[in-house]
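See below for the structure under consideration.
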Amino acid sequence: MAIRQILRLSLSNERRSAEVPKGHVAVYVGDNGKKRFVIPVAYLNHSLFQELLFQAEEEFGFNHPMGGLTIPCSEDVFVDFISGVSTR
């Protein structure tokens, strides 16, 4: 899936209640204000994403402040990650 398609799937705060497409998962990313991204579940198996999940576990445990999976990194880092994964 191309980065533009993934970013189109990213939902703004106004559309937060919209359903996540089958085969995707919503994650919240950002240092201050969290932005919601919808990514393919296949990304969860990627070694770099596994590291992000480990960091999320260390920072939040199982109590994620946004009610969903929260990734503790900047939006720029996450977009770079998505770009790298989607080109492989």
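The values are calculated or read from the model by the stated rules, or taken from the named source; none is laboratory data. This is a predicted model, so every value here is computed, not measured. Side chains are part of the model used for accessible areas, which takes the heavy atoms of the whole protein and leaves out ligands, DNA and RNA. Shrake-Rupley method; radii C 1.70, N 1.55, O 1.52, S 1.80 Å.
Hey, could you check region 14-46 for residues that are of a type in the set (D, E, K, R) and either modelled with pLDDT under 85 or open to solvent by 40 Å² or more (accessible area, probe 1.4 Å) (or both) and say which is nearest to the chain's Cα centre (by Cα)? Spell out the reasoning first.
Taking region 14-46 first, the residues of a type in the set (D, E, K, R) are 14-16, 19, 22, 31, 34-36.
Next, from what is left, pick out any that are either modelled with pLDDT under 85 or open to solvent by 40 Å² or more (accessible area, probe 1.4 Å) (or both): 14-16, 19, 22, 31, 34-35.
On the way: Glu14: 17, Arg15: 16, Arg16: 13, Glu19: 15, Lys22: 15, Asp31: 13, Lys34: 10, Lys35: 9 Å.
So the residue we want is Lys35.
Quick one: count up the residues across region 59-88 that are of a type in the set (D, E, K, R), at pLDDT below 85 and outside any loop (DSSP other than H, G, I, E, B).
Start the filter on region 59-88 by keeping residues that are of a type in the set (D, E, K, R), which leaves 59, 75-76, 80, 88.
Now drop any that are not at pLDDT below 85, which leaves 59, 88.
Those still in the list that are outside any loop (DSSP other than H, G, I, E, B) too: 59.
Total satisfying the criteria: 1.
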